[in-house]
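Quick notes on the structure that follows.
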Amino acid sequence: MKASQGILTVRGGMTSHAAVVARGMGTCCVSGCGDIAMDEENKKFTLAGKTYHEGDPISIDGSTGNIYDGIIPTVDATIAGEFGRIMAWADKYRKLKVRTNADTPTDAKKARELGAEGIGLCRTEHMFFAADRIAAFREMICSDTVEEREKALDKILPMQQSDFEKLYEALEGNPVTIRFLDPPLHEFVPTEEADIKALADAQGKSVETIKNIIASLHEFNPMMGHRGCRLAVTYPEIAKMQTRAVIRAAINVTKAHPDWNLVPEIMIPLVGDVKELKYVKDIVVAVADEEIKAAGSNMKYEVGTMIEIPRAALTADEIAKEAEFFCFGTNDLTQMTYGFSRDDAGKFLNAYYDKKIFENDPFAKLDQTGVGKLMEMSIKLGKATRPELHVGICGEHGGDPSSVAFCHKLGLTYVSCSPFRVPIARLAAAQAAIADEK
Ligand code: PEP
Ligand code: MG
């Protein structure tokens, strides 16, 4: 993906992880064009009656999902001139803060240029795609004792800490929410023989043992499987390492910039029951307090959660007893409210549009009637328990204008979206505020 100028896939949808990652990188992506007949072996595909061979040019529009024959010239987006003026007007009127979903210092810097006022979601697993990092991450996944896993985590800790330091630097004192590890672990295991052998050698295990571990990670429904806070419940040492990395990074950056007054925000994903959250939070608090004390610091920090499982929304009053903030993960909340797989819905949603069952992709435009009702309920229940609760959204809807307007109506503190959607979110938030006054 890193080498691509644009990405077009047959399978997937608006919120497949491929689309989410591409959006974060600022690479144009159309994910889930089911009309393509792919002939992988002969390196060609057919679409709308035309066959394209390797090397034939096409253009794609990631916002509309349109695919064009040939090359359409483009220019890089910058905020200057009249665009800059309109953005300044938008900032004058909007009530919603606009943060960004950014996982790397480069994305974070880009988002700052585009006006982001914080990071609403740093997907920490995305920090391990690089070739020089994936090895340690795979060792962590394929460990079969706590000691082994801790050894691998010791290699990962300095990498995470240094990334977090760079994120804090890039954000210049604005808030940064760091989400703990979320994805199903099998997404990261090697598939090529050479990589499996390298991992086996690094761990002093046989290729067969590694293959068995990989096979044991297989899940029939990984998006509803061993991911999110479930990883920290099974392997608390991961949460411990991530807490150390966040707190150490914030303490180091505070030494260089004492006026920034950093308050790290640690976000626990995929919580459905307050007891899960409490279990993980207790680990986070114990490690964070130990780190802060050892550094002789008085730094404050917050532990919050994503609201992305319907049960969390329904029990938000209980969840708020432990969570200091909520952030709606509307990608998963849409997936689990509708029961539509976010990776597969692209295949059948066209039939829904044709038959006028749906006007829009609910993964792109928030379903205000159903998912929106859960959000409204969560805010009401959450604030009844904890009136100072701050609430944001970091699903892809955070960059969609009609969904941003809805978030304004609900009284959210911020929306968070991928860097290149920040200007649209700023404008939509201002339009919503002005419409509200009228
Ligand atoms: C979400 O579910 O909306 C979310 C932001 O998390 P992810 O897309 O990483 O699952
Ligand atoms: Mg999610």
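The values are calculated or read from the model by the stated rules, or taken from the named source; none is laboratory data. Note that this is a predicted model, so its numbers are computed, not measured. Positions of Cβ are generated from backbone atoms using ideal geometry, with glycine treated the same way; all protein chains shown enter the neighbour counts.
For region 292-391, give me every one of the helices (runs of 4 or more DSSP H) that falls completely inside it and has 1 or more residues that are touching a residue at least 24 places away in the same chain (Cβ under 8 Å) and more than 16 Å from ligand 2 (Cβ to nearest atom).
Working: elements: 310-314, 316-322, 330-338, 346-354, 371-385.
Of the helices (runs of 4 or more DSSP H) lying wholly inside region 292-391, those with at least 1 residues that are touching a residue at least 24 places away in the same chain (Cβ under 8 Å) and more than 16 Å from ligand 2 (Cβ to nearest atom) span 310-314, 316-322, 346-354, 371-385.
List the helices (runs of 4 or more DSSP H) that sit entirely inside region 147-255 and contain at least 3 residues that are buried (at least 21 other Cβ atoms within 10 Å of the Cβ).
Because the criterion is at least 3 residues that are buried (at least 21 other Cβ atoms within 10 Å of the Cβ), the helices (runs of 4 or more DSSP H) in region 147-255 that meet it are 229-234.
Collect the residues in region 62-102 that are on the phi > 0 side of the Ramachandran plot and surrounded by 13 or more Cβ atoms within 10 Å (Cβ to Cβ), keeping them in residue-number order.
Here is the first cut: in region 62-102, the ones on the phi > 0 side of the Ramachandran plot are 65, 70, 81.
Answer for region 62-102, where residues must be on the phi > 0 side of the Ramachandran plot and surrounded by 13 or more Cβ atoms within 10 Å (Cβ to Cβ): just 65.
Among (1) crowded, with 20+ Cβ neighbours inside 10 Å; (2) away from ligand 1 (no atom under 12 Å from the Cβ), which single condition is residue 356 missing?
(1)
Does region 281-289 contain at least one residue that is closer than 22 Å to residue 225 by Cα and within 16 Å of ligand 2 (Cβ to nearest atom)?
No, region 281-289 contains no residue that is closer than 22 Å to residue 225 by Cα and within 16 Å of ligand 2 (Cβ to nearest atom).
Could you check region 222-249 and list, in sequence order, the residues that are more than 16 Å from ligand 1 (Cβ to nearest atom) and not aliphatic (A, V, I, L, M)?
234, 235, 236, 237, 240, 243, 244, 248
Among residues belonging to region 327-353 that are over 17 Å from the mean Cα position of the chain (by Cα) and small (Gly, Ala, Ser), point out the one that is farthest from residue 18 (Cα to Cα).
351
Would you be able to tell me the number of residues in region 359-382 that are more than 14 Å from ligand 1 (Cβ to nearest atom), over 23 Å from residue 34 (Cα atoms) and among the polar types (S, T, N, Q)?
The total comes to 2.
Out of 99, 11, 94, 85, report the one residue that is over 20 Å from residue 397 (Cα atoms), of a type outside the set (Val, Ile, Thr) and assigned by TED's automatic domain parsing to the domain that holds residue 395.
Numbers: 99 fails: over 20 Å from residue 397 (Cα atoms); 11 fails: assigned by TED's automatic domain parsing to the domain that holds residue 395; 94 fails: over 20 Å from residue 397 (Cα atoms).
From the options 99, 11, 94, 85, the qualifying one is 85.
Can you tell me which residues in region 393-422 are crowded, with 22+ Cβ neighbours inside 10 Å, over 16 Å from residue 328 (Cα atoms) and modelled with pLDDT of 95 or more?
Of everything in region 393-422, just one residue is crowded, with 22+ Cβ neighbours inside 10 Å, over 16 Å from residue 328 (Cα atoms) and modelled with pLDDT of 95 or more, namely 422.
Report the residue count in region 359-384 for those that are surrounded by 14 or more Cβ atoms within 10 Å (Cβ to Cβ) and within 23 Å of residue 268 (Cα to Cα).
Residues meeting the conditions: 13.
Against the condition surrounded by 18 or more Cβ atoms within 10 Å (Cβ to Cβ), of a type outside the set (Phe, Trp, Tyr) and either out of contact with any helix residue (DSSP H, G or I) (no Cβ under 6 Å at 6 or more places or on another chain) or within 24 Å of residue 380 (Cα to Cα) (or both), how does residue 312 come out, does it pass?
Taking the combined requirement at face value, the residue satisfies it.
Residue by residue, here is whether (1) free of Cβ contacts under 8 Å to residues at least 24 places away in the same chain; (2) in contact with a strand residue (DSSP E or B) (Cβ under 8 Å, 6 or more places away or on another chain); (3) over 16 Å from residue 299 (Cα atoms) holds:
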residue: 170; (1), (2), (3): no, no, yes
residue: 187; (1), (2), (3): no, no, yes
residue: 190; (1), (2), (3): no, no, yes
residue: 213; (1), (2), (3): no, no, yes
residue: 232; (1), (2), (3): no, yes, yes
residue: 244; (1), (2), (3): no, no, no
residue: 266; (1), (2), (3): no, yes, no
